[in-house]
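Below you'll find the structure, written out as structure tokens, and then a few comments.
The values are calculated or read from the model by the stated rules, or taken from the named source; none is laboratory data. The structure displayed is predicted, hence computed values, not measured ones. Glycine gets a Cβ as well: all are built from the backbone with ideal geometry, and neighbour counts include every protein chain shown.
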């Protein structure tokens, strides 16, 4: 007796979770990539940039470390940023992002105090995070939640700035699996939140009228650091 569509879907989910197939007609997928195949840092940004801009994201290439402050300052001025939620991430700390924000008279929201945090985060002008990687074929960015890396920074403010290095590119979505395996092996569990961000938040009504920012950031800036712009020991 053939399987119904519902049974096929549930069987596929069980296979992905490691359960043996219930029906011999189902083909068990292979193990997939075992190691992360990072795109070489010297490869050009253009393929990723093309995908990001097709998604209405704004791409900023930083060729040297000295150029980064001017790029950030330009973003702050474009959006008249007065307040920000910024991750306590090693890359952002080495780029001195919080220092640059203070010098620009931008208020930093304290996320160590849980009381009223969500309301405060929803009211800031800008969220700044680091990206774990970018998927070249689709322009999607992966970010993960952790201590000091609240998910609210990429979900609630109207403008999201994601900082990415040239070493953090993969070609396809299948390359995410070995990244997750590495996290699971080194930490014993996966992060509480893993998000794939494919351009600014967008939705459409029944008449297919597209609206940006209805359920998340209206603007996404991707700051892409060339090899020479990556701080030492990163």
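Being without any contact (Cβ under 8 Å) to a residue 60 or more places away in the chain and within 20 Å of residue 93 (Cβ to Cβ) is the filter here, so list the residues in segment 42-78 that pass it.
Answer for segment 42-78, where residues must be without any contact (Cβ under 8 Å) to a residue 60 or more places away in the chain and within 20 Å of residue 93 (Cβ to Cβ): 66, 69, 70, 73, 76.
In segment 206-215, is there at least one residue being surrounded by 14 or more Cβ atoms within 10 Å (Cβ to Cβ), in contact with a helix residue (DSSP H, G or I) (Cβ under 9 Å, 6 or more places away or on another chain), touching a residue at least 40 places away in the same chain (Cβ under 8 Å) and farther than 14 Å from residue 130 by Cβ?
Among the residues of segment 206-215, not one is surrounded by 14 or more Cβ atoms within 10 Å (Cβ to Cβ), in contact with a helix residue (DSSP H, G or I) (Cβ under 9 Å, 6 or more places away or on another chain), touching a residue at least 40 places away in the same chain (Cβ under 8 Å) and farther than 14 Å from residue 130 by Cβ, which makes the answer no.
List pairs: first in segment 80-107 and without any contact (Cβ under 8 Å) to a residue 12 or more places away in the chain and in the same structural domain as residue 159 (by TED's automatic domain parsing), second part of a strand (DSSP E or B) and surrounded by fewer than 18 Cβ atoms within 10 Å (Cβ to Cβ), Cβ under 9 Å, 6+ apart or cross-chain?
Qualifying pairs under 9 Å: 102/108.
Pull out all pairs, ordered by first then second residue, where Cβ-Cβ is under 8 Å, the residues are six or more apart or on different chains, the first lies in segment 176-195 and is over 16 Å from residue 148 (Cα atoms) and not assigned by TED's automatic domain parsing to the domain that holds residue 131, and the second is modelled with pLDDT of 90 or more and buried (at least 16 other Cβ atoms within 10 Å of the Cβ).
none
For segment 219-234, check the following and say yes or no: at least one residue is within 14 Å of the chain's Cα centre (by Cα) and in a loop (DSSP other than H, G, I, E, B).
No, segment 219-234 contains no residue that is within 14 Å of the chain's Cα centre (by Cα) and in a loop (DSSP other than H, G, I, E, B).
It is to be established whether one or more residues within segment 107-114 are under 16 Å from residue 216 (Cβ atoms), out of contact with any strand residue (DSSP E or B) (no Cβ under 7 Å at 6 or more places or on another chain) and surrounded by fewer than 21 Cβ atoms within 10 Å (Cβ to Cβ).
No, segment 107-114 contains no residue that is under 16 Å from residue 216 (Cβ atoms), out of contact with any strand residue (DSSP E or B) (no Cβ under 7 Å at 6 or more places or on another chain) and surrounded by fewer than 21 Cβ atoms within 10 Å (Cβ to Cβ).
Of the residues 48, 15, only one is outside any loop (DSSP other than H, G, I, E, B), surrounded by 11 or more Cβ atoms within 10 Å (Cβ to Cβ) and at pLDDT below 95; which?
15
Check off (1) in contact with a helix residue (DSSP H, G or I) (Cβ under 9 Å, 6 or more places away or on another chain); (2) part of a loop (DSSP other than H, G, I, E, B); (3) under 24 Å from residue 147 (Cβ atoms) for residue 199 and give me the number that stays unchecked.
(3)
Take residue 85 and decide whether it is in contact with a strand residue (DSSP E or B) (Cβ under 7 Å, 6 or more places away or on another chain) and not in a helix (DSSP H, G or I).
Considered against the rule, which asks whether it is in contact with a strand residue (DSSP E or B) (Cβ under 7 Å, 6 or more places away or on another chain) and not in a helix (DSSP H, G or I), residue 85 comes out as yes.
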